[in-house]
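Quick notes on the structure that follows.
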Amino acid sequence: MQFRLQKIKSDASFREFFRLHKGKKTSIIVTANKERFKNLIAYSYINKFFIKKGIYTPKTISQHFNEGLIEIEDLGNKTLSDFVKKSKNSLNLYKKCINLIIKIQKIKPIKKIKISSKKYLNLGNYNIRNLHKESDLFLDWYLPGVSGKKKSQKFKRKIKKELNKLYKKIYFKNRFIVHRDFHVSNIIPSGKKLAIIDTQDTILGNPMYDVASLIDDVRIKIPLKIKNKIFKYYLQKCVFGKKEMHLLKNDFDILSVQRNLKILGIFYRLNERDRKPGYLKYLPYTWSLIELRMENKIFKNLKKILLGAVNKKLRRKINFK
């Protein structure tokens with residue numbers, strides 16, 4: 001039997017991916033030189049947990065954690081993003097994604113996943129401190145990078161104070177399993193099923209986080225009309241009562257803004273620190289999504305402060321040299 005290793009596209013993490021050809025069969029080799037626990041061990045055991053609960057994720061074929069690699073099931077080259085871009089009726093595909101989110105949300109939340117008889121993987125939760133830790137990526141990387149250190153210091157404290165007020169308004173706290181990066185590029189169609197990848201950051205949190213990740217995905221532009229229909233479909237299918245619907249929308253808007261501020265920071269950092277400039281092209285649309293959700297009156301103060309910190313001209317830039 002002939003063996004052949006083929007490097008395939010990496011993502012924004014410290015991992016690298018290779019397709020291993022074993023005769024007519026293939027598998028995926030995942031390597032990680034940094035953050036091995038999260039990128040290999042957590043990923044492998046969270047996948048196992050999801051599989052037990054009826055959620056399709058790549059099976060681990062063999063694990064070599066000390067060597068910094070694992071071998072997992074090959075689900076193919078195409079993500080759902082490829083199908084959405086070509087589809088004349090993407091709404092149906094997004095409805096299937098919502099069905100998958102709801103299936104995940106029906107899993108009984110647990111704080112620990114068993115690795116061995118004496119070792120457990122602790123799932124974190126989206127408390128206010130963790131929400132700030134993520135949005136601080138915007139304050140620590142993007143803001144000083146595009147506005148200058150002096151100006152960013154002037155606004156940093158004001159933005160953080162306003163975000164803190166908003167995070168305290170979040171109603172549904174840490175009651176659900178959250179994938180944390182749920183979008184069509186992390187979903188792979190396999191037969192009639194949808195498989196999810198990149199599960200290593202799974203956490204306990206708000207039901208709107210994965211919904212916001214899907215609908216306000218910075219990598220693919222969805223018409224507002226479709227966004228609204230996807231959200232409406234979630235409301236029709238979810239487990240919440242009518243009295244809670246307006247609270248869900250507020251949580252959705254807050255978490256969408258929080259997540260996309262984080263993304264601005266991450267994508268700017270990928271360029272500056274990791275020499276991955278390909279993510280800068282997403283920055284203007286990320287701002288468009290933030291602006292869209294800040295139409296909610298609860299963002300009145302933050303909207304004004306952010307405009308002073310980063311004007312509309314800067315928000316459309318992708319080259320800062």
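Structure above, values below:
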{"read-out": "Subset of region 204-258 that is in contact with a strand residue (DSSP E or B) (Cβ under 8 Å, 6 or more places away or on another chain) and of a type outside the set (D, E, K, R) - its residue that is farthest from P109 (Cα to Cα)", "value": "Y209"}
{"read-out": "Elements of type helices (runs of 4 or more DSSP H) in region 20-111, at least 1 residues being in the same structural domain as K229 (by TED's automatic domain parsing) and crowded, with 18+ Cβ neighbours inside 10 Å", "value": "80-86, 90-105"}
{"read-out": "For V239: the one exception among (1) closer than 20 Å to Y171 by Cα; (2) outside any loop (DSSP other than H, G, I, E, B)", "value": "(2)"}
{"read-out": "Restricting region 95-145 to residues that are among the small types (G, A, S) and over 30 Å from L270 (Cβ atoms), the residue that is farthest from the chain's Cα centre (by Cα)", "value": "S117"}
{"read-out": "Some residue of region 252-275 being basic (K, R), under 22 Å from the mean Cα position of the chain (by Cα), more than 24 Å from K150 (Cα to Cα) and surrounded by 13 or more Cβ atoms within 10 Å (Cβ to Cβ)", "value": "yes"}
{"read-out": "Checklist (1) of a type in the set (V, I, T); (2) free of Cβ contacts under 8 Å to residues at least 60 places away in the same chain; (3) closer than 22 Å to R180 by Cα applied to I266, failing item", "value": "(2)"}
{"read-out": "In region 284-308, the residues that are touching a residue at least 40 places away in the same chain (Cβ under 8 Å), in a helix (DSSP H, G or I) and out of contact with any Ser or Thr (no Cβ under 6 Å at 6 or more places or on another chain)", "value": "Y285, T286, L289, L292, I298, F299, N301, L302, I305, L306, G308"}
{"read-out": "Enumeration of residues in region 1-12 that are in a loop (DSSP other than H, G, I, E, B) and free of Cβ contacts under 8 Å to residues at least 60 places away in the same chain", "value": "M1, Q2, K9, S10"}
{"read-out": "Within region 47-65, tally of residues that are of a type in the set (V, I, T) and without any contact (Cβ under 8 Å) to a residue 40 or more places away in the chain", "value": "3"}
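The values are calculated or read from the model by the stated rules, or taken from the named source; none is laboratory data. Note that the coordinates shown come from a computational prediction; the quantities given were computed from them, not determined experimentally. Here Cβ is always computed from backbone atoms with ideal geometry, including for glycine, and neighbour counts include all displayed protein chains.
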